[in-house]
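This report refers to the structure that appears directly beneath it.
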Amino acid sequence: MLPLDQYEESKMPDGRPREAQPKWRQDFPVDVAQDEYVARRDFVKFLVLTSFAFTIGQFWIVVQNRLRQRRGKPPMTRIAAVADVPVGAALSFNYPGAHDPCVLVRTDEQTYLAYGQKCTHLSCAVLPRVSERSFRCPCHEGHFDMMTGQPTAGPPRRPLPRILLEVRHGQIYATDVELRT
């Protein structure tokens with residue numbers, strides 16, 4: 001690669017002198033011959049800054065995981081009354097936080113199942129199909145088994161997070177989140 005001062009000044013594409021060129025070409029006067037020139041110092045600076053950004057990002061992930069572990073068990077939260085969820089129906093709710101969508105499904109008289117509603121592939125909302133005993137992610141045709149939350153088809157590889165439930169005095173409560181791998 002030639003040093004910057006040894007490059008020839010290129011000719012304008014339309015052949016007119018530099019003063020007769022349109023305003024936009026005067027505002028961006030990078031010469032075509034010098035367009036791809038990158039100094040070694042600039043390249044090293046780019047590598048160092050990019051590596052620093054990746055390192056900071058990794059430390060941020062570690063800090064977030066430690067903070068999550070310290071929060072402890074989420075509080076018990078009432079979802080619905082047993083009478084509000086007929087057999088074969090599904091009900092959306094948020095647990096443990098206001099921005100954590102979940103879905104509760106009643107498969108028979110005694111069986112209640114709840115899972116996080118975000119697909120483990122790209123976080124699209126999964127939709128319950130009670131008659132087929134599965135959850136379907138419409139974004140990439142992912143399917144999960146309703147009884148276990150395990151992926152059965154499509155790109156998802158991890159199971160849906162299970163919401164642990166408890167039924168007391170005719171009320172359904174979410175008690176914890178079981179993250180599985």
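The values are calculated or read from the model by the stated rules, or taken from the named source; none is laboratory data. On a predicted model such as this, the values are computed, not experimentally measured, just so you know. No Cβ is skipped: glycine too gets one built from the backbone with ideal geometry, and neighbour counts run over all protein chains shown. Ligands, DNA and RNA are stripped out before the accessible areas are found, and what is left, the full protein with its side chains, is counted by its heavy atoms. Shrake-Rupley method; radii C 1.70, N 1.55, O 1.52, S 1.80 Å.
Please work out how much length the chain gains when fully extended from Leu179 to Leu49, using 0.36 nm per residue of separation minus the C-alpha to C-alpha distance, in nm with one decimal.
43.3 nm
Under a Cβ-Cβ cut-off of 11 Å, what is the net charge of the residues other than Ala90 that fall near it, where Lys and Arg count +1 and Asp and Glu count -1?
Net charge around Ala90: +2.
Using alpha-carbon pairs under 8 Å, 6+ residues apart, how would you state the relative contact order of the chain in percent?
Once divided by the residue count of the chain, the mean separation gives 15 percent.
Spit out the partnerless Cys residues in the chain, using Cβ distances under 4.7 Å as the pairing rule.
For the chain, the answer is Cys102, because their Cβ atoms have no other cysteine Cβ under 4.7 Å.
Between Ser92 and Ala20, what is the spin-label point distance in nm, taking each point 7 Å from the Cα along the Cα→C-beta axis?
6.5
Excluding ligands, DNA and RNA, what is the solvent-accessible area per residue of the chain at a probe of 1.4 Å, expressed in Å²?
Ligands and nucleic acids excluded, the figure is 71 Å² per residue.
Calculated FRET efficiency, Gln171 and Ser131, Cβ-Cβ r, R0 30 Å, to nearest 0.05?
Working from the Cβ atoms, E equals 0.70.
Between Leu164 and His140, what is 0.36 nm times their sequence separation minus the Cα-Cα distance? Round to one decimal in nm.
Length gained between Leu164 and His140: 5.9 nm.
What value, in deg cm²/dmol to 500, does the helix sum -39500 (n - 2.57) over DSSP H runs of n ≥ 4 give at 222 nm once divided by the residues of the chain?
Mean residue ellipticity at 222 nm (helix-derived): -7000 deg cm²/dmol.
Compute the distance in nm between two label points, each set 7 Å from the Cα along the Cα-to-Cβ direction, one at Arg41 and one at Leu122.
So the two model labels end up 4.4 nm from each other.
List the equivalent ellipsoid semi-axes of the range 54-181 in whole Å, largest first, each obtained as the square root of 5λ for an eigenvalue λ of the Cα gyration tensor.
27, 20, 10
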